[in-house]
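Working notes, structure below.
The values are calculated or read from the model by the stated rules, or taken from the named source; none is laboratory data. Being a predicted model, the structure only gives us computed values, none of them experimental. Counting neighbours? That spans all protein chains shown, and the Cβs are built from the backbone with ideal geometry, glycine included. For accessibility, only protein heavy atoms count, side chains too; no ligands or nucleic acids. Shrake-Rupley method; radii C 1.70, N 1.55, O 1.52, S 1.80 Å.
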Amino acid sequence: MTTSRDLTRRAALTGAAASGAGLLVLRSTQPASATPEAMRAVMRAITGDAPVRKGRVQLDLPPLVENGNTVPMTVTVESPMTALDHVTAIHVLNEKNPQPYVVTVHLDHRAGKAAFSTRIKLGDTQRVVGLAKMSDGSFWIGEQDVIVTIASCLENF
Amino acid sequence: MMRLRALVMATLAVPALAGEIPLAERRSDTLTMSSELRAMQADDAANPASFSVLDGEALWRVRAGASGKSCADCHGDGAQSMRGVAARYPAFDSASGRVLDLEAKINQCRTERQGSAALPMESRDLLGLATYVGRQSRGLPIVSDDPRLAPAIDRGRALFTARQGQLNLSCAICHDDHWGRKLGAATVPQAHPTAYPLYRLEWQSVGSLQRRLRNCMVGMRAEPYPMGSDEFIAIETYLMSRGRGLAMETPGVRP
Amino acid sequence: MARALINVPKIAKVGEIIEIKTLVSHPMETGYRVGLGGEILPRDIIQTFVCTFNGAQIYRADFSPAVAANPYLTFHTMLSESGAFEFRWEGDNDFLLVETASITVE
């Protein structure tokens, strides 16, 4: 008996919430399109004149973040990791936090695997970039967009 | 503020009818989190609340107060003696005739048995001890079967279902009637107390169940009860009864 | 008080890729946040993490304020001999934390 009443009520609510959620998504997906100047400058400082190619670097971040304070991130770079051919550094940069640097790791072939996990802060919806330096001096780049739904929209819930 | 009101109204402006969630549908709010956060909670090596457990474990062995005794001197290895304890708190204390939550019980033990000072609410030391004791119940079901708790449970239920604050909401409107629904970015949880004290990303620290309740009251634009008050303990007692049978998860992680 | 949690296997095979997990208790205050009294909270972060094995550096990380509070880092290594790791975190306000762990490689 309560079931059908519940169903109706839930159905009504779905409509209400759907419109609320729609508004929110509009607000928080302002495209993080053009790479801001600061991040480009940092990338240039890191890479100099070396070639930068797309690929090999994979960023794993949740596409939709529950709280920008602590965002789990795994970065994996494809590489044989031999003495002759390995990753020497992985830089993670972003375009909208107060400054572009996030974290940099330095490694060599003895790591066996060019991958690390950490947790980062993301102040806003934006693009995160992973830049890997190889032992031959070349660079590879991978990126991912992250939507930060401001969990503090109801600041205390 | 206007946006908050609008959002809450859009989501909740329907009469509350449901009453308590059927027992079979009750489940931990851990399940509504992303897989990343669940993994963070499940892995001690990744869970930032592990520091609180370790703080508590260290404090357990520190001698203090007029008795010159440590918790361990009287209770032995906490992993054994405290197993299952947090799963049945708040509990009725015969000596004082009152219901005490775990933090209050720890402070009672400090002042009356150890002869040391009560630790402030939300202090690192009290959270450490409560998290350490709570950790020893991980995986065990919540037990709420002491008939002497009935008055506190009834009072807690009354507080939970009463409308209050500028938004004229009750806890039940969100947590009984609208759990699983989005409220802004957050999913309204069923509000079970399985994982406290826990690490909240928003706080960037560990906090108690009472701190969480305080947050909800501020969100309702209601005047929060004082920390440690009988009102909060009654709500905690009701929440444990409402969540009976669910597995303890202390220390949890929440967004 | 507990400051660092390190997870290293006790035993590994020669050439096996092992995972090392580290978690350290630190506020990672960005230097951009405003306190209750309207003042800017001064920056207080860990800047570097260095892992050595039997005295030789095998991994380093440079942290920025965008690394979350209580920094968590997992990474990999391959070993050819038994020995000891040293983990060293250094940061603002003379923050220094050193931990060690040993491993048998067979």
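Annotations for the structure displayed:
- Yes/no for C:Leu79 being of a type in the set (A, V, I, L, M, F, W, C) and within 14 Å of chain B (Cβ to nearest Cβ): no
- Considering region A:111-125, the residues that are open to solvent by less than 10 Å² (accessible area, probe 1.4 Å) and among the β-branched types (Val, Ile, Thr) include one that is nearest to A:Pro63 (Cα to Cα), namely A:Ile120.
- Total residues in region A:69-83, condition under 18 Å from C:Leu73 (Cα atoms) and more than 9 Å from every other protein chain (Cβ to nearest Cβ): 4
- The requirement of being in contact (Cβ under 8 Å) with a residue 12 or more places away in the chain, surrounded by 19 or more Cβ atoms within 10 Å (Cβ to Cβ) and over 15 Å from the mean Cα position of the chain (by Cα) is fulfilled nowhere in region B:226-246; no residue meets it.
- Odd one out for B:Gln166 among (1) closer than 22 Å to B:Ser241 by Cα; (2) open to solvent by 40 Å² or more (accessible area, probe 1.4 Å): (1)
- Some residue of region A:134-145 being within 11 Å of another protein chain (Cβ to nearest Cβ) and surrounded by fewer than 22 Cβ atoms within 10 Å (Cβ to Cβ): no
- Counting the residues of region A:34-68 that are more than 14 Å from chain B (Cβ to nearest Cβ), touching a residue at least 12 places away in the same chain (Cβ under 8 Å) and assigned to a loop (DSSP other than H, G, I, E, B) gives 6.
- Checked against the criterion of being part of a strand (DSSP E or B) and farther than 17 Å from C:Ala68 by Cβ, region A:95-105 has no qualifying residue.
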